[in-house]
Every structure is written in structure tokens, then in C-alpha cells.
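Since the structure comes first, as C-alpha cells, the remarks are kept for the end.
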Amino acid sequence: MIASLDVTAALRGGRTYLKESFWQPPFKIADVTEDRRRSELHLMQMSASPGVLAGDHYQIGICLEEGATVHWHTQSYQRLFSMASPARQQVRAELAPGASLTYLPHPCVPQAGADFRGENRIFLSPDSRLIWGEIVTCGRKLNGEVFRFSNYRSVTEVFLEGRLVLKENLRLMPQRVSPDRIGHLEGFTHQGGLICVDPRLDVAGLVPHLSERLAAIPGIDFGITSLPVNGFALRMLGNHSERLMQALKITSEIITKDEILCKPSFRY
């Protein structure tokens, strides 16, 4: 199935609203904003399909106009079914000056024989903020499907004013390279990550505070790396989706709510 989803959000009267939207089956977008007095818009990406199937090709476009703030949610875990041919998903996000995008999706579950290739390209402007998360599981662990998928690849590129500032290439081919090897997952079954680019953030002050909060979550290992622009990348390993999701949520809350960690006068 070939399908596309495109949304444009803009700021009006101090609040973000859905300016334009277009989708093809199985996609649908729902406005799930609870507090209409707040400036941000919460959108949920929904699908009528039970999961990603062989030959699927999804294209998703997100455009945030100046000052718009969007939290992009997913409906449920993303199921990748057994495939005779690979499935592809391309996401393109464009953030105007002062715009903010938070994307913390549900975990991805590749089933036996799944072959998925994802590409995320994110274009930032000065003073825009990005919080971008990802969690990949070993498969249907309780069903005994541990690393039985064929291929999982996710490439994320972040551009600032047209210049590539970060490229993350995640590829798992468990039938060719064992995830238990040194330098790979080494006994863990789940992994997650978060990319944050924010000109207001005091990265040096945030890292110790964030490390302390994440260290209190049992059963995960993590590392935090500063980026060449004002931001950081977080990588995590664990054995339970819920704990990695908890870690992403805590990280996002710290970034957006802890004013002591912000430097209002900072620019890229």
C-alpha cells in the first residue's frame, strides 16, 4: 500500500492550530489536545491497518510555521509483520523559526521475517526546538520471537539552516549479526534514543540532572552525548518497553519544564 500524510500547523492568537491536513488510507489524524487554553497542539497519527505489511510505502510530511508547537503522538505500538518484500516509511519535518516539535512514538515491534527501512529528514530553523524519540524492540518477546526479523534500518538526518548537523543510522540484521555480540546489544533486547536540539537549553547543566533521573529507572543502561549544535543525543538499552518509554517521557518533561536549565539569550 502506498499512502501519504501531510499536516501544516500554525500559530494564531497565541495558540497552535491545524492549518492544513491531508491523508490517505490507512492514515488519519486526530486532534487530541486536552487543554485548549495552552499554546501547544497535540495530534495523534492513527491507522486503520493492523500494522506495516510487505511492500507498504508511507510518506509523512510535517510542516510547522513560525512559533507553532506540536506534540506528535502515535496510536499504539507499530507492528511490522512478516514480509516477502521490504516496507518503507519516509518522514520529512520542516520547522520554521520559533517552532517546536515533540515526537515520542510507541515502540516498534518487528515480527519474524520483517524487513523495514525508515528515513527521517528534519529541517530546523534558528530558534526552533526538536525532541525526537525512537524505541525498537526485539519482536514479540512473549511469543518467543526474539530477534527473528530480517532487517530494521532507521536513518535520521537533522539539518539546521540547510546544514547537516546530525545523522543517526540504526541498522539491525539479527540473522547475519548476533545482537548479543560485544559492541551490539550485549544481552539487552530493546533499545531507544532521543535527539534534542534546543537553542535555549543549558546542556552542561542538564546532563547531570538528567543522568540522575534516568539512573533511578531500574534495568536500563544509557549514555548522553552533546551535539555539535546546542543539544544532545540519548541512547538507551533495556529489556522492557515500558521502562524505555518512561525514560523518554522523563527526558521530555525535563527539557520542556525545568526553566533553570534554560538560557533564554542563547542562539545557535
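The values are calculated or read from the model by the stated rules, or taken from the named source; none is laboratory data. Since we're looking at a predicted model, the values are computed, not measured. Note that we place each Cβ from the backbone using ideal geometry, even for glycine, and neighbour counts take in every protein chain shown. We work out accessible area using only protein heavy atoms, side chains counted, and drop any ligands, DNA or RNA first. Shrake-Rupley method; radii C 1.70, N 1.55, O 1.52, S 1.80 Å.
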Inset, instruction - Calculate what fraction, in whole %, of the accessible area of the chain sits on carbon and sulfur atoms when a 1.4 Å probe is rolled over the protein chains. - result: 49 percent
Legend entry - Label point distance in nm, Ala54-Glu157, each placed 7 Å from Cα along Cα→Cβ: 3.0 nm
Inset, instruction - Return the distance in nm (one decimal) between the two label points of a simple spin-label model at Thr74 and Arg140, each offset 7 Å from Cα along Cα→Cβ. - result: 1.8 nm
Legend entry - Heavy atoms of Met83: accessible area, 1.4 Å probe, square angstrom to 10: 30 Å²
Legend entry - R0 of 22 Å, Cβ-Cβ distance Gln90-Arg176: FRET efficiency to nearest 0.05: 0.35
Legend entry - Local net charge near Gln24, Cβ-Cβ under 13 Å (Lys/Arg +1, Asp/Glu -1): -1
Inset, instruction - Specify the inter-centroid distance of segment 152-194 and segment 87-130, based on alpha-carbon positions, in whole Å. - result: 14 Å
Inset, instruction - Would you compute, for the Cα atoms of segment 23-162, the largest minus smallest coordinate along each principal axis and list the three values in descending order, in whole Å? - result: 45, 34, 27
Legend entry - Value at 222 nm in deg cm²/dmol, rounded to 500, when DSSP H runs of n ≥ 4 in the chain each add -39,500 (n - 2.57): -3500 deg cm²/dmol
Legend entry - Per residue, in Å², the accessible surface of the chain once ligands and nucleic acids are set aside, probe 1.4 Å: 48 Å²
Inset, instruction - Output the antiparallel fraction of DSSP beta bridges having both residues in segment 1-124, as a percent to the nearest 5. - result: 25 percent
Legend entry - Total formal charge among the other residues, if their Cβ is under 12 angstrom from that of Leu185, Lys/Arg +1 and Asp/Glu -1: -1
Legend entry - Inter-probe distance in nm under a simple model that places probes 7 Å from Cα toward Cβ, at Glu40 and Val165: 2.0 nm
Inset, instruction - Treat every Asp and Glu Cβ in segment 125-229 as -1 and every Lys and Arg Cβ as +1, leave all other atoms uncharged, and give the resulting dipole magnitude about the Cα centre to the nearest 20 debye. - result: 440 debye
Legend entry - Rg/Rh for segment 1-69, where both radii come from Cα atoms and Rh is the Kirkwood radius: 1.05
Legend entry - Lys pairs under 28 Å by Cα in the chain, provided they are eight or more residues apart or on distinct chains: 10
Legend entry - DSSP bridge orientation in the chain - percent antiparallel, rounded to nearest 5: 45 percent
Legend entry - Mean Cα-pair separation over length for the chain, i.e. relative contact order, pairs under 8 Å, 6 or more apart, %: 13 percent
Inset, instruction - With N denoting the number of residues in the chain, provide Rg(C-alpha) divided by 2.2 N^0.38 Å, to two decimal places. - result: 0.99
Inset, instruction - Work out the charge dipole of the chain with +1 on the Cβ of Lys and Arg and -1 on the Cβ of Asp and Glu about the Cα centre, then indicate which of Gly231, Ser150, Pro25 is farthest towards its positive end. - result: Ser150
Legend entry - Under Karplus coefficients 6.51, -1.76 and 1.60, residue-wise ³J(HN,Hα) of segment 31-42 in Hz, glycine/proline x: 7, 10, 5, 8, 9, 6, 7, 7, 7, 8, 10, 9
Legend entry - Interchain or long-range residues, amide H under 5 Å from Thr33's placed H: His42
Inset, instruction - With unit charges on the beta carbon (Lys/Arg positive, Asp/Glu negative), name the residue among Gln175, Phe159, Trp72 whose Cα is farthest towards the positive pole of the charge dipole of segment 40-195. - result: Gln175
